[in-house]
Amino acid sequence: MNIHEYQTKELLRGYGVPVPNGRVAHNVDNAATVAEELGGERWVVKAQIHAGGRGKGGGVKVASSLDEVRQITDQLIGSNLVTPQTGADGRLVQRVLVEQACDINKEYYLGLVIDRGSQRITVIASASGGMDIEEVAKTTPEKVVREPVDPGVGLREFQCRKIAANIGLKGKQIHAATKLMRALYRCFRDQDALMAEINPLAEVNGGQLMALDAKMSFDGNALYRLPAITELRDFDEEDPKEVEATGHGLNYIALDGNVGCIVNGAGLAMATMDAISFHQGKPANFLDVGGGASPEKVGNAFRIVLADPNVKIILVNIFAGINRCDWIAEGLIKAMQDQQIGVPIVVRLAGTNVEKGAQMLAASGLDFIMADNLDDAATKVMATLGEQGA
Amino acid sequence: MSVFVHKHSRVIIQGFTGQHATFHAEESMANGTNVVGGVTPGKGGQIHLERPVFDTVSQAVEETGADVSGIFVPPPFAADAIMEALEAGIGVVVVIADGIPVQDMVRVKRYASDRNAIIIGPNTPGIITPAACKVGIMPSHIYQPGRIGVVSRSGTLNYEAVQQMSALGMGQSTSVGIGGDPVNGTDFVTVLRAFEEDPETDAVIMIGEIGGPQEVDAARWARENMSKPVVGFVAGISAPPGRRMGHAGAIISGESDTANAKMDLMEELGVHVVRNPALIGETAHRVFS
């Protein structure tokens with residue numbers, strides 16, 4: 001789960017990570033008031049959307065007067081900000097973060113991730129701040145410092161000093177960086193984060209270190225014990241169809257093809273998409289109905305897949321372990337009867353209660369195209385699409 | 001001998017009296033698994049499925065000599081249950097739960113690091129040595145005894161591969177689901193090593209997914225250390241970067257962990273790669289015979 005920059009900064013401030021003075025604003029007057037109360041002569045106005053690359057998209061601007069704060073806020077709020085991460089449609093800006101501007105002497109990168117190699121929380125730091133860290137890691141891997149954290153003892157001070165020294169910090173900054181890193185780690189650990197990124201970590205005016213930009217994402221599986229984080233969720237930043245699917249216990253991701261897919265299990269769902277692609281078809285979505293797929297769940301899956309106007313055919317591929325093919329069949333029949341399904345449906349059933357499920361579909365008199373296995377299913381999808389001239 | 005579980009394994013179920021646990025324990029017992037008891041805190045002393053229920057894992061181990069545990073407790077309680085099993089000296093811990101917080105697993109792995117145990121999962125259908133021992137939720141009837149080891153991150157894709165194998169008359173020595181989470185108990189290398197050392201396994205099918213380095217790490221290990229042939233597939237050729245595909249671990253985070261990039265590297269390292277998931281069985285049949 002992702003949150004906005006202003007929320008991340010408030011959270012980090014609470015843990016003792018130095019961040020610029022600033023507040024969120026929802027309209028022009030609000031932004032001017034915030035700037036006035038903050039004081040100073042220059043402010044940074046930052047569009048608050050979840051996607052990265054906002055600077056490149058024109059979503060981060062410096063204002064030298066309160067009028068300018070108003071102008072920039074007026075431009076940003078209500079506009080669709082397009083960044084390298086939003087896609088061509090962009091994302092609607094509904095609020096801005098107004099901060100006191102600082103003079104930057106030097107920029108560093110500081111991040112925490114759960115590293116799959118070491119299977120531990122790992123600090124990543126670099127003297128090349130303000131840049132894409134993956135690019136830095138690719139071109140100059142020696143400039144990226146990695147330090148895994150032993151969960152038994154946490155991030156130790158000596159480790160922080162080592163990291164700070166390795167990215168070129170000196171004197172008092174080493175102690176300041178140590179404090180900052182440990183605060184960030186505590187926040188990461190307490191709040192079940194999956195990723196935290198301070199980019200840039202800047203050396204400002206008098207040599208002080210400050211998190212100029214901050215991004216965090218949190219473990220959706222841990223939200224039950226994170227009431228404060230759960231409240232920060234912004235559904236406007238998520239695909240409404242994906243939110244609806246999650247509400248029904250389905251895992252749905254929209255893609256740009258025309259073959260709708262309804263599958264159980266993430267691995268098989270991906271493999272089904274792959275099999276379609278192997279036959280030169282294009283999947284319209286990833287959809288995992290999960291374990292224990294009730295007839296209602298199957299009906300909801302159909303509704304969500306069919307809401308995509310590009311879908312010309314649906315492939316249902318179920319390999320029931322914890323699921324039961326007869327439940328799936330019941331859901332299929334009901335969906336066909338209740339919903340206006342104007343596209344052909346190819347069905348492949350296997351596993352628990354497969355005979356019963358297949359019999360139910362045959363006895364229904366409805367027009368299902370039955371497939372024996374994955375290859376047969378993909379072949380029949382493409383043949384049927386071919387007949388339609390799609 | 002098969003790997004990790006066999007017909008002499010003495011299995012307990014944690015969360016024994018729950019609905020899913022009961023269903024799958026019964027199914028396992030009907031297929032020859034030696035379930036010797038179970039644990040449900042607060043229900044110690046009861047009898048369930050004609051087996052004793054204990055309050056703690058250490059009591060269960062003491063009374064029954066259990067050496068394998070299937071953990072069927074809900075995700076928020078799973079980390080604790082795994083550590084309890086490890087502390088009681090269980091050698092093979094199978095974790096079915098899907099949705100354990102990642103940092104819980106980071107702590108579990110630290111706790112497990114100086115204990116000589118195998119953790120299978122989480123987010124796995126489990127492990128099965130056909131006709132001998134099943135700890136998990138997979139449909140037993142698609143598996144048949146044989147000499148091919150299967151290891152996969154995905155559950156249902158494991159079933160898919162097994163059915164393709166069975167249709168061609170190839171049975172399994174053991175099938176292991178290592179699970180779809182980014183931090184998991186056992187990696188591919190550990191399972192490959194066990195298959196290499198197992199005299200009853202002749203060859204291995206390894207099924208991976210987008211995200212992370214472990215399939216390539218395993219292929220690298222296999223080139224140096226394995227005499228048995230490996231057929232490999234990585235799901236998610238058509239997955240877009242940056243989108244998590246269901247499993248917490250299945251997300252493309254760089255150029256090197258796309259399905260095709262991984263399969264190219266695996267091929268270079270000597271794995272017999274199959275690019276069409278519908279042909280896993282056929283490819284294995286051709287390579288292994």
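One Cα centroid belongs to region B:170-211, the other to region B:86-124; the line between them spans 17 Å. Determine the percent antiparallel among the DSSP beta bridges restricted to the protein assembly as shown, to the nearest 5. Here the share of antiparallel DSSP bridges comes out near 50 percent.
Among the lysines of chain B, pairs at least eight places apart or on separate chains and with Cα atoms under 30 Å apart come to 11. With a Cα cut-off of under 22 Å and a minimum spacing of 8 residues unless on different chains, the lysine pairs in region A:240-388 number 12. According to the Kirkwood relation over distinct C-alpha pairs, the hydrodynamic radius of region A:1-152 is 17.1 Å. Just checking the listed ones, B:Ile96, B:Ile120, B:Ile47: in the Gaussian network model of chain B with Cα springs under 10 Å, the one fluctuating most is B:Ile47.
For region A:240-388, DSSP calls about 20 percent of its internal beta bridges antiparallel.
Here's the picture: charge each Lys and Arg Cβ at +1 and each Asp and Glu Cβ at -1 in region A:169-265, and of A:Phe235, A:Gly257, A:Tyr185 the one pushed furthest to the positive end of that dipole is A:Tyr185. Here's the picture: charge each Lys and Arg Cβ at +1 and each Asp and Glu Cβ at -1 in the protein assembly as shown, and of A:Phe302, A:Ile124, A:Leu385 the one pushed furthest to the positive end of that dipole is A:Ile124. Extents of region B:1-123, taken as max minus min of Cα coordinates on every principal axis and listed largest first, are 37, 35, 25 Å. With the Cα gyration tensor of region B:160-240 giving a ≥ b ≥ c as the square roots of its eigenvalues, does the rule (a/c under 1.5 for rounded; else a/b larger than b/c for prolate; else oblate) give rounded, prolate or oblate? Because a/c hits 1.5 or more and a/b fails to exceed b/c, region B:160-240 counts as oblate.
When the square roots of the Cα gyration tensor eigenvalues are ordered a ≥ b ≥ c, the ratio a/c for region A:322-385 is 1.5 or more and a/b does not exceed b/c, which makes its shape oblate. Taking chain B as a Gaussian network of alpha-carbon nodes connected by springs under 10 Å, the highest mean-square fluctuation of the residues B:Ser69, B:Ser58, B:Ser173 belongs to B:Ser58. The charge dipole of region B:1-123, taken about its Cα centre with unit charges on the Cβ atoms of Lys, Arg (+1), Asp and Glu (-1) only, comes to about 220 debye.
In a reduced charge model with +1 at each Lys and Arg Cβ and -1 at each Asp and Glu Cβ, chain A shows a dipole moment near 1220 debye about its Cα centre.
Of A:Cys160, A:Cys261, the sequence from fewest to most neighbouring Cβ atoms within 10 angstrom is A:Cys160, A:Cys261. At each listed q (0.11, 0.15, 0.19, 0.29 Å⁻¹), what is the log10 of I(q)/I(0) that the Debye formula gives for region A:79-145 modelled as equal alpha-carbon point scatterers? The Cα Debye sum returns log10 ratios of -0.46, -0.78, -0.97, -1.13.
Computed over chain B, the P(r) tail beyond 33 angstrom holds 19 percent of alpha carbon pairs. Under 15 Å from the Cβ of B:Lys134, count the other residues' Cβ atoms, weight Lys and Arg +1, Asp and Glu -1, and hand me the total. Around B:Lys134, the charge tally is 0. Scattering from the protein assembly as shown was approximated by placing one identical point on each alpha carbon and applying the Debye formula without solvent; log10 I(q)/I(0) at 0.10 1/Å stands at -1.00.
No value in this document is a laboratory result; all are computed from the given coordinates. Since this is a predicted model, take the numbers as computed values, not measurements. As a convention, Cβ positions derive from the backbone with ideal geometry for all residues, glycine included, and neighbour counts pool all protein chains shown.
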